[in-house]
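Asker: Input: one structure, supplied below.
The numbers here are math on the coordinates, done by the rules we state, and not lab data. Treat the numbers as computed from the prediction; the structure is a model and nothing was measured. Neighbour counts run over all protein chains shown; Cβ positions are idealised from the backbone, glycine included.
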Amino acid sequence: MRALRRAAIAVSAATLLAACQTVPPDAPRAIAHLEPTKGNKASGTVHFYQLDGRVRVVAKVSGLVPGREHGFHIHEAGDCSSGDGMSTKGHFNPFGRPHGHFSSAERHAGDLPALKADANGFGGLEVELDQITVTPGPASIVGRGLIVHADPDDYRTQPTGNAGARIACGVIRRG
């Protein structure tokens, strides 16, 4: 198990290094350190890079249910103090749109692609998204909460996607 963790860390570091090489050094950045909520094991790091009108999201998360998809969302409040993630409130939705698939124009700004765990419970994600920014403004994610959910997002159920309990929580900070 220890060897698997070291291998996963090495792959994560290589992926993040590759992502950083394609990001201009002066690009605005943010980071969230995900910690498990009470009774859970999921943790990880998520980097956000502002690239013109899009934000690149690079996530590495461990402690997920092996082989399962997990809902992944930016939430309104950067507050993980409740222990169950509920203090982050609802999905970040500055434009007043319904919950939806991350590729749809009609979605919460905080609707992200699912994290897909491998057989060892590690999940990664690299995607570029519109509707959010790292820079100041109404769509800025800095100071918001980031949540990993126990279940997959169905992209239909309002307003949450029926993604279940909040198993990891982090605050997005300028970085």
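Asker: Among Phe72, Phe102, which comes first, then next, by fewest other beta-carbon atoms within 10 Å?
Answerer: Sorted ascending by nearby Cβ count, the order is Phe102, Phe72.
Asker: At 0.36 nm per residue, and after removing the present C-alpha to C-alpha distance, how many nm does the segment from Ala119 to Val65 gain when stretched out fully?
Answerer: Gain on stretching Ala119 to Val65: 18.6 nm.
Asker: Ranked by Cβ crowding within 10 angstrom, fewest neighbours first, how are Arg166, Arg54 ordered?
Answerer: With the fewest neighbours first, Arg166, Arg54 line up as Arg54, Arg166.
Asker: Another one. Among the lysines, select those whose C-alpha is under 18 Å from the C-alpha of Lys41, and discard any that sit fewer than 8 residues away in the same chain.
Answerer: Hits, sequence-local ones excluded: Lys60, Lys116.
Asker: Report ³J(HN,Hα) in whole Hz for each residue of segment 111-116, in order, from the Karplus equation J = 6.51 cos²θ - 1.76 cosθ + 1.60 where θ = phi - 60°; Gly and Pro get x.
Answerer: 7, 10, x, 5, 8, 10
Asker: As a footprinting exposure proxy, order Lys89, Lys38, Lys60 by other Cβ within 10 Å, with the fewest listed first.
Answerer: Result, fewest neighbours first: Lys38, Lys89, Lys60.
Asker: Could you derive backbone 3J(HN,Hα) for segment 92-101 from the dihedral phi with the Karplus parameters 6.51, -1.76 and 1.60 (θ = phi - 60°), listing whole Hz in sequence and x where the residue is Gly or Pro?
Answerer: Computed from phi, the couplings for segment 92-101 are 5, 8, x, 9, x, 9, x, 4, x, 5 Hz.
Asker: Along the charge dipole of segment 112-175, Cβ charges K/R +1 and D/E -1, which of Gly175, Ala117, Ala163 sits furthest on the positive end?
Answerer: Gly175
Asker: To continue, here is another question. Mind checking which of Ala119, Ala32, Ala150 has the largest fluctuation in a GNM of the chain, springs on alpha carbons under 10 Å?
Answerer: Between Ala119, Ala32, Ala150, it is Ala119 that shows the largest mean-square fluctuation.
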